[in-house]
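Trainee: Next up is a structure, given as structure tokens.
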Amino acid sequence: MGSNSSRISDLPENEYLKKLSGTESVSENDPFWNQLLSFSFPAPTSSTELKLLEEATISVCRSLVENNPRTGNLGALIKVFLSRTKELKLSAECQNHIFIWQTHNALFIICCLLKVFICEMSEEELQLHFIYEEKSPGNYSSDSEDLLEELLCCLMQLITDIPLLDITYEISVEAISTMVVFLSCQLFHKEVLRQSISHKYLMRGPCLPYTSKLVKTLLYNFIRQEKPPPPGAHVFPQQSDGGGLLYGLASGVARLWTVFTLGGVGSRAAASPDLSSPLANQSLLLLLVLANLTDASDVPNPYRQAIMSFKNTQDSSPFPSSIPHAFQINFNSLYTALCEQQTSDQATLLLYTLLHQNSNIRTYMLARTDMENLVLPILEILYRVEERNSHHVYMALIILLILTEDDGFNRSIHEVILKNITWYSERVLTEISLGSLLILVVIRTIQYNMTRTRDKYLHTNCLAALANMSAQFRSLHQYAAQRIISLFSLLSKKHNKVLEQATQSLRGSLSSNDVPLPDYAQDLNVIEEVIRMMLEIINSCLTNSLHHNPNLVYALLYKRDLFEQFRTHPSFQDIMQNIDLVITFFSSRLLQAGAELSVERVLEIIKQGVVALPKDRLKKFPELKFKYVEEEQPEEFFIPYVWSLVYNSAVGLYWNPQTIQLFTMDSD
């Protein structure tokens, strides 16, 4: 690129890029490299600019693809970068801005080239480009040094070992982005990659010892949410003679510089709130990609092992010798970051991953006394279901399901009293328990699903979460109690409608054998399963905590006619026994109290009646408990999901949507 390159439009004709991609070999010791790397190119800040950059450089990249087997210039560039990284830590300590800036530029070029190479060729062909031997052009020997593996190890060292300072922020982001690009071959395959050269490098050999250190660094980058240095933080003062500050440059480049920045002063647009920390965003994406790599045939994914086993810094117990890649991290800081960052898909997916796979984290979170800080953002995701993609909603719902597996959680959420939930707009909630709010949001999600998406999986998980909580329902808010019964009313109406359609369909089939009929029997079976689940939830509450829930009894009595049709229904007779008993018992007491009773008086009678109702009259049923179980091949869901997040969220990376094969671009 050289010192004069400052605009994207200049790149196709840039003399240095032409030489890099041309037919002439350039030695790694040639002064050309200092010239190539001496550019202050404004970093692209939008997908439009990134697309323009790719379009402007694609011809150069393809020329290098064609000529590199003979010239080995890509290998020479990587060797230049590798040699510089050996002095990078010292350069950071000595504040050697120019050396770091040029090293960043080398990595920026490598990342751009690598992205095109991976898109254009197979992994096997890519590997050949990285094992070029100058002594025998075009001859790829199995004894050749594998620069691809060396580059990957170097990136891991850079991410984990280089101190995070203003002058190293951009190169840290670039190193993480390059690792993401290194693994992006998955984007260009429809099927999930189970045997990959990139996976082999990461799970074996010299990269493996960096596993726990890399995972820990990426987690801390997410926790700290470090913002990029302010514009102008890297401006070098001019010398009195007008020359730039040129220490660290090779003698072959005697150029005048007035500004040295990593990306150009003022070139970066103000980051949007959810991407205020590019380093944290890229770190999280790389962490999710690594965590979801498929196991090798003989080696489990070490990055997933590290995520499954790390402990709190306050935990002094020794790690079992059987646990590889173990490390410790501050759980309080991690918890705080997870609570604050739940607006993004990737943060919710990280929370799911940790809760599901790391028992240390799950135990810690369930013991927190401020669970509302975590649960409220999850509920808001579900509440804004219309604005979220389906995967984000699923992750939020499964997180709730995992939490509700714990009885302590189910009890404690009814003890947390919230005031003025501003995002809940259906009704003003000046004061409500976290448990009642959770019930309201889950029921709203079910009702949305019934009228819009009609996804049985969503229904099942919503009802499972309510069922897990039901035995510990405490002091339900009157609105939450009403919504439980309203949902049952909606299901009842739907049941009657489908039953009527099935009856009419049966009559029609008797008069015509030619017209195919809808499968109403299957629809009826599904809705009856949901109705039974709702009856079991109500029954569980009445059986285990009747005395704590006068508002639910009130709502039952107010809508008692709803349940009449199910008393003799063969699918519901058993579960209706307790509900029918409660309705009959309290109806009788209200009848004895006289007509035109106020709400307050009715609630008073209910509270008195609860004491008088013999508990042994309520039939005991098995406790409702549902446990989240991951699919048999979870990678078929998670790997496309993670890469869709990378595609849509990665800072400074752009892939041509026409080349993507892993997922459909216009889908959630």
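Trainee: Kindly evaluate LEU552 against the criterion of being surrounded by 16 or more Cβ atoms within 10 Å (Cβ to Cβ) and farther than 28 Å from LEU401 by Cβ.
Mentor: Numbers: surrounded by 16 or more Cβ atoms within 10 Å (Cβ to Cβ): yes; farther than 28 Å from LEU401 by Cβ: no.
No.
Okay, residues lined up against (1) in a loop (DSSP other than H, G, I, E, B); (2) at pLDDT 90 or above; (3) open to solvent by less than 30 Å² (accessible area, probe 1.4 Å):
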position	(1), (2), (3)
SER6	yes, no, no
LEU11	no, no, yes
LEU17	no, yes, yes
SER27	yes, yes, no
ASP30	yes, yes, no
PHE41	yes, no, yes
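Every residue, every condition in (1) assigned to a helix (DSSP H, G or I); (2) crowded, with 22+ Cβ neighbours inside 10 Å; (3) modelled with pLDDT of 90 or more; (4) touching a Cys at 6+ places or on another chain (Cβ under 6 Å), yes or no:
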{"residue": "ILE171", "(1), (2), (3), (4)": "yes, yes, yes, no"}
{"residue": "MET179", "(1), (2), (3), (4)": "yes, yes, yes, no"}
{"residue": "GLN195", "(1), (2), (3), (4)": "no, no, no, no"}
{"residue": "CYS207", "(1), (2), (3), (4)": "yes, no, yes, yes"}
{"residue": "TYR210", "(1), (2), (3), (4)": "yes, no, yes, no"}
{"residue": "LEU218", "(1), (2), (3), (4)": "yes, yes, yes, no"}
{"residue": "PRO231", "(1), (2), (3), (4)": "no, no, no, no"}
{"residue": "GLN239", "(1), (2), (3), (4)": "no, no, no, no"}
{"residue": "GLY244", "(1), (2), (3), (4)": "no, no, no, no"}
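Trainee: Could you please let me know if SER316 is at pLDDT below 95, within 20 Å of ILE399 (Cβ to Cβ) and open to solvent by 20 Å² or more (accessible area, probe 1.4 Å)? If you could, list the steps in order and put the result at the bottom.
Mentor: Values: at pLDDT below 95: yes; within 20 Å of ILE399 (Cβ to Cβ): no; open to solvent by 20 Å² or more (accessible area, probe 1.4 Å): yes.
Against the criterion (at pLDDT below 95, within 20 Å of ILE399 (Cβ to Cβ) and open to solvent by 20 Å² or more (accessible area, probe 1.4 Å)), SER316 does not qualify.
Trainee: Does PHE32 fit the bill of being over 32 Å from the mean Cα position of the chain (by Cα) and in contact (Cβ under 8 Å) with a residue 12 or more places away in the chain?
Mentor: Yes, satisfied.
Trainee: Name the residue, out of LEU90, LEU126, LEU64, LEU50, that is of a type in the set (A, V, I, L, M) and modelled with pLDDT of 90 or more. Don't jump to the end; show me each part of the working.
Mentor: On the way: LEU90 fails: modelled with pLDDT of 90 or more; LEU126 fails: modelled with pLDDT of 90 or more; LEU50 fails: modelled with pLDDT of 90 or more.
Only one candidate qualifies: LEU64.
Trainee: Right, here's the next one. Considering each residue of segment 344-370, count those that are open to solvent by 10 Å² or more (accessible area, probe 1.4 Å) and more than 20 Å from LEU288 (Cα to Cα), and give that number.
Mentor: Total satisfying the criteria: 7.
Trainee: Using beta carbons and a limit of 6 Å, which pairs, at least six apart or on different chains, have the first residue in segment 79-102 and farther than 12 Å from ILE167 by Cα and the second one β-branched (Val, Ile, Thr) and at pLDDT 90 or above?
Mentor: ARG84/THR103
Trainee: If you don't mind, another one. From the residues in segment 77-98 that are open to solvent by 20 Å² or more (accessible area, probe 1.4 Å) and assigned to a helix (DSSP H, G or I), which one is nearest to SER177 (Cα to Cα)?
Mentor: Applying the first criterion (open to solvent by 20 Å² or more (accessible area, probe 1.4 Å)) to segment 77-98 yields 79, 83-87, 89-90, 93-97.
Pick out the ones that are also assigned to a helix (DSSP H, G or I) and you get 79, 83-85, 89-90, 93, 97.
Working: LYS79: 19, SER83: 20, ARG84: 19, THR85: 17, LYS89: 19, LEU90: 23, GLU93: 23, HIS97: 21 Å.
The qualifying residue nearest to SER177 (Cα to Cα) is THR85.
The values are calculated or read from the model by the stated rules, or taken from the named source; none is laboratory data. As the structure is a prediction and not an experimental result, all values here were calculated from the model. Ideal geometry is used to build each Cβ from the backbone, glycine not excepted, and the neighbour counts take in all protein chains shown. Remember, those area values only see protein heavy atoms, side chains included, never the ligands or the DNA or RNA. Shrake-Rupley method; radii C 1.70, N 1.55, O 1.52, S 1.80 Å.
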